[in-house]
Amino acid sequence: TPAQWNAFIRKFRSEMNEADASRSLDLLAALSHGSAMSVGCYCEDEDHCHRSVLRALLAERGADIAS
């Protein structure tokens, strides 16, 4: 449901703001400027998948993201 999805996003973002995860995201964002990388999973709908939230978090950190 939309409410469950929004709750997931809040929890996932909170977890990714913890020190270790945040440093990892910063590192991935920095590495994206010199290396190609990809993130994949088995979710059918990217709009309701953790990878869409991860993509947004990396973009917020200035990652170089291909369309």
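The values are calculated or read from the model by the stated rules, or taken from the named source; none is laboratory data. Everything numeric in this text was worked out from a predicted model, so none of it was measured. Ideal geometry is used to build each Cβ from the backbone, glycine not excepted, and the neighbour counts take in all protein chains shown. SASA here: full protein model, heavy atoms, side chains in, ligands and nucleic acids out. Shrake-Rupley method; radii C 1.70, N 1.55, O 1.52, S 1.80 Å.
Miscellaneous remarks
- The chain: calculated mean residue ellipticity at 222 nm from DSSP helix runs of at least 4, using -39500 (n - 2.57): -18500 deg cm²/dmol
- Gain in span if fully extended, Arg55 to Ser24, counting 0.36 nm per residue against the direct Cα distance: 9.8 nm
- Sorted peptide list for 4-11, 55-62, 41-48, criterion being average Cβ within 10 angstrom, highest first: 55-62, 4-11, 41-48
- Over the chain, accessible surface divided per residue gives 73 Å², non-protein components excluded, 1.4 Å probe.
- Carbon + sulfur, % of accessible area of the chain - ligands and nucleic acids excluded, 1.4 Å: 53 percent
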